[in-house]
Amino acid sequence: MISIGIVRKVDELGRIVIPKETREQLNIAIKDPLEIFTDDETIVLKKYQPGCMFCGKIDDLHEIKDRMICSSCIQKILAEVEKEKEQLIHKV
């Protein structure tokens, strides 16, 4: 990716405009969430990617009841449920 320096002024509400070409290049659509954080004296904007609610992993995700959970955590949960099930069966 080519780094192009563009100067934009901050308006009275603290907003800046990200140029259309930049938004298109980075596939940022209207209403897309962006993460805003600082690194020393640099402000970083990053396209938001939701992560697994348990481990934070951002790939191999499944949406379950409006929550993102990765396959690895799903397998761990299923294994725990199976253990609990076995313990309940042996108690009866």
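Give me the pairs: first residue in region 25-42 and closer than 17 Å to Arg15 by Cβ, second residue modelled with pLDDT of 90 or more and assigned to a loop (DSSP other than H, G, I, E, B), beta-carbon distance under 8 Å, and six or more apart or on different chains, which are they? So the pair list comes out as Ile28/Ile18; Leu34/Ile28.
From Asp11, Asp59, which residue is outside any strand (DSSP E or B) and more than 30 Å from Gln75 (Cβ to Cβ)? Walk me through it before giving the result.
Working: Asp59 fails: more than 30 Å from Gln75 (Cβ to Cβ).
The match here is Asp11.
The set of residues in region 31-55 that are touching a strand residue (DSSP E or B) at 6+ places or on another chain (Cβ under 9 Å) and in a loop (DSSP other than H, G, I, E, B) comprises Asp32, Pro33, Tyr48, Gln49, Pro50, Gly51, Cys52, Met53, Phe54, Cys55.
Within region 71-91, can one find any residue that is within 14 Å of the chain's Cα centre (by Cα) and free of Cβ contacts under 8 Å to residues at least 60 places away in the same chain? No, the conditions are met nowhere in region 71-91. Of all residues in region 6-34, those being within 26 Å of Gly51 (Cβ to Cβ) and over 20 Å from the mean Cα position of the chain (by Cα) number 2. Checked against (1) touching a strand residue (DSSP E or B) at 6+ places or on another chain (Cβ under 8 Å); (2) surrounded by fewer than 10 Cβ atoms within 10 Å (Cβ to Cβ), Ile28 passes all but a single condition, namely (2).
If we scan region 63-73, do we find a residue that is at negative phi and touching a Ser or Thr at 6+ places or on another chain (Cβ under 8 Å)? Please lay out each step first, then the result.
At the first step, the residues of region 63-73 found to be at negative phi are 63-64, 67-73.
In the following step, the residues that additionally are touching a Ser or Thr at 6+ places or on another chain (Cβ under 8 Å) were identified as none.
For region 63-73, residues at negative phi and touching a Ser or Thr at 6+ places or on another chain (Cβ under 8 Å): absent.
Annotation: of all residues in region 39-92 being surrounded by 12 or more Cβ atoms within 10 Å (Cβ to Cβ) and in contact with a Phe, Trp or Tyr (Cβ under 7 Å, 6 or more places away or on another chain), the one that is farthest from Pro19 (Cα to Cα) is Cys73.
The values are calculated or read from the model by the stated rules, or taken from the named source; none is laboratory data. Remember, predicted model here, so these are calculated numbers, not experimental data. So basically every Cβ, Gly included, is an ideal-geometry build from the backbone, and we count neighbours across all protein chains shown.
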